[in-house]
Amino acid sequence: WEVLRPVGAVEFFVARRDGEQLGGLGVWAFNGILTEFGVVRSQQSIDQKLYVGDLIKWEIMKWGVGQGFRLYDLAGVSPTPGAGKEEGIMRFKKKWGGMPVGYSMFEKRFPGLKSAALATAESLVRRRKRVVSEEGA
């Protein structure tokens, strides 16, 4: 957050009604392209059938145009959607006027790296807590 947001690499959008958060969505920004991630919806928005996803995407598009982005990647559709939810996601995303674009992916796993990174992060958090508590003493 402290590194990516100040340089415009990430932004978050939240839909609220009467001070209540109903949903949110993050976008990564790189090379003129916004790519969405981290969709969240409150139970209230689901129960009341509030289409916060539509509102948030529209606001991201308006903001993105104003910021000079050239493409908004809605991300995350199955290239071969089955019945039900996957078809609904594809329909929802197509209604914005875009088209699916396939691409190849390469994945390399590094055994042990995740646990080493987690241990380092935990150590930093413990060290930070210790410094904060010493400053308060």
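Looking across region 30-65, the residues that are open to solvent by 90 Å² or more (accessible area, probe 1.4 Å) and assigned to a strand (DSSP E or B) come down to Phe30, Val39, Arg41. For first residues located in region 84-96 and farther than 16 Å from Val52 by Cβ, partners that are among the basic types (Lys, Arg) and modelled with pLDDT under 85 and lie 6+ apart or on another chain with Cβ distances below 8 Å do not occur.
Any idea which residue in region 101-118 is modelled with the highest pLDDT, counting only those that are exposed (fewer than 10 other Cβ atoms within 10 Å of the Cβ) and in a helix (DSSP H, G or I)? Looking at the filtered set, the residue picked out is Ser115.
Looking at region 50-66 only, could you name the residues that are free of Cβ contacts under 8 Å to residues at least 24 places away in the same chain and more than 16 Å from the chain's Cα centre (by Cα)? The answer is Tyr51, Lys62, Val65, Gly66. If only one of Phe69, Phe13 is modelled with pLDDT of 95 or more, part of a loop (DSSP other than H, G, I, E, B) and under 18 Å from the mean Cα position of the chain (by Cα), which one is it? Answer to the check: Phe69.
For region 83-97, a residue qualifies if it is assigned to a loop (DSSP other than H, G, I, E, B) and modelled with pLDDT of 80 or more, and the qualifying residues are Gly84, Lys95, Trp96, Gly97.
Only one of the numbered conditions (1) open to solvent by less than 90 Å² (accessible area, probe 1.4 Å); (2) farther than 22 Å from Ser104 by Cβ; (3) of a type in the set (D, E, K, R); (4) touching a residue at least 12 places away in the same chain (Cβ under 8 Å) is not met by Arg17, and that is (1).
The values are calculated or read from the model by the stated rules, or taken from the named source; none is laboratory data. Quantities reported herein were computed from a predicted structural model and do not represent experimental measurements. With ideal geometry, Cβ positions are generated from the backbone for all residues, glycine too; neighbour counts draw on all protein chains shown. Heavy atoms of the whole protein, side chains included, go into the accessibility calculation; ligands, DNA and RNA do not. Shrake-Rupley method; radii C 1.70, N 1.55, O 1.52, S 1.80 Å.
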